[in-house]
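The block underneath contains the structure these notes are about, expressed in structure tokens.
Every number in this text was worked out from the coordinates using simple rules, so none of it is lab data. Everything numeric here is computed off the predicted structure, so don't read it as measured data. Reconstructed Cβ throughout: ideal geometry from the backbone, glycine too, with neighbour counts over all protein chains shown.
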Amino acid sequence: MDLWAALFHTAVAVLITAAGFAVGRVLKFLLARVLGRLGFNDWFRNLNIGRALLRSGYTAGEFFGSVVAWLIYIASILIAVAYLAYSAGNMDVYNWVIHVLVVYLFGFVKFFIISIIGFILVDGFVEYIYKGSFSESRLAIGPVAEYIRIILYLVVITFALEQGGISVATLTAMLTPITWGLVAALIATAVLEALKKK
């Protein structure tokens, strides 16, 4: 009876994993098609992050579809392992898997969503700075705008990590000298530009 119960629970775990992979593949396909039809790919490639995705060989729809699919794959595997552990009475493994699922996987989802929205807002703000400048002042505005972009990217990443449940104390300590280095590089660039004009 124990053998049959073990086979039954194993079969259920395999079905959970297979269902997760099937749902992930369907959602990946649908998300890529829907975003492509809505024109999201064309809009997203106007942003800095969208151009980076294109250089890596992905459209926005393919990238977001792949991320969603992999999240579902991982979640289905974790749920299957949790089911097996619970059916076997191993509550330590069960609690650990549920902790990973709730804290880390959900934390990554929050980190990913906040990062993407933050990067879009940062790119939109920097493009607004470029559009608001006169053509003759774009060379001087460029380094400042890119500096602002980098700093805001770092702020977005730090905030997203914190919201995702990851301690950012070490990251903050590492970012302080990087920020000052970027300030020094910006000042040096501005001084060189001023010397060239003279």
Exercise. Among 7-20, 58-71, what's the highest-first ranking by average C-beta atoms within 10 angstrom per residue?
Worked result: 58-71, 7-20
Seminar exercise, completed: Rounded to 0.05, the calculated FRET efficiency for the beta carbons of VAL102 and ILE148 at R₀ = 35 Å is 0.45
Problem set entry | Inter-probe distance in nm under a simple model that places probes 7 Å from Cα toward Cβ, at ALA11 and ARG51 | 5.7
Problem set entry | Long-range amide H partners of ASN90 with built H, under 5 Å | none
